[in-house]
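Working notes, structure below.
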């Protein structure tokens with residue numbers, strides 16, 4: 001008698017799982033096999049000769065710089081929520097942090113990472 005809730009929950013999970021597997025097979029649009037052999041499954045014709053082309057390393061460097069500055073922005077946001085709670089030591093630490101971040105930005109400018117041509 002104590003396992004009734006477990007079995008009801010198990011059957012409910014099984015039903016929802018099967019529903020999530022079967023429903024897309026029924027409702028999904030059917031695509032012909034010739035489109036599946038294209039370089040892009042969406043059916044778009046590639047703009048270059050080949051589907052695989054090399055990207056310039058500047059795209060990756062810019063994306064990496066963006067991620068780094070976004071993560072540093074989260075750290076600044078956490079400090080900004082409670083600046084008085086950290087006291088003068090927290091202020092000095094965040095000042096050093098911002099100076100290092102600024103020096104990194106200057107270094108990226110000097111190396112031409114964020115200069116777009």
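The values are calculated or read from the model by the stated rules, or taken from the named source; none is laboratory data. Computed from a predicted model, the values in this text were never measured in an experiment. So basically every Cβ, Gly included, is an ideal-geometry build from the backbone, and we count neighbours across all protein chains shown.
Does residue 17 satisfy the condition of being at pLDDT 80 or above, surrounded by fewer than 11 Cβ atoms within 10 Å (Cβ to Cβ), out of contact with any helix residue (DSSP H, G or I) (no Cβ under 9 Å at 6 or more places or on another chain) and at positive phi? Taking the combined requirement at face value, the residue does not satisfy it.
For residue 37, the conditions (1) modelled with pLDDT under 80; (2) in contact with a helix residue (DSSP H, G or I) (Cβ under 9 Å, 6 or more places away or on another chain) all hold with the exception of (2).
When the range 82-114 is examined, which residues are found to be under 13 Å from residue 62 (Cα atoms) and either surrounded by fewer than 11 Cβ atoms within 10 Å (Cβ to Cβ) or touching a residue at least 40 places away in the same chain (Cβ under 8 Å) (or both)?
Of everything in the range 82-114, those that are under 13 Å from residue 62 (Cα atoms) and either surrounded by fewer than 11 Cβ atoms within 10 Å (Cβ to Cβ) or touching a residue at least 40 places away in the same chain (Cβ under 8 Å) (or both) turn out to be 108, 111, 113, 114.
Taken together, 75, 59 contain a single residue that is surrounded by fewer than 10 Cβ atoms within 10 Å (Cβ to Cβ), under 24 Å from residue 114 (Cβ atoms) and at pLDDT below 85, which is 59.
Taken over the range 62-77, the criterion of being touching a helix residue (DSSP H, G or I) at 6+ places or on another chain (Cβ under 9 Å) and either in contact (Cβ under 8 Å) with a residue 24 or more places away in the chain or not assigned by TED's automatic domain parsing to the domain that holds residue 100 (or both) is satisfied by 65, 68, 69, 72.
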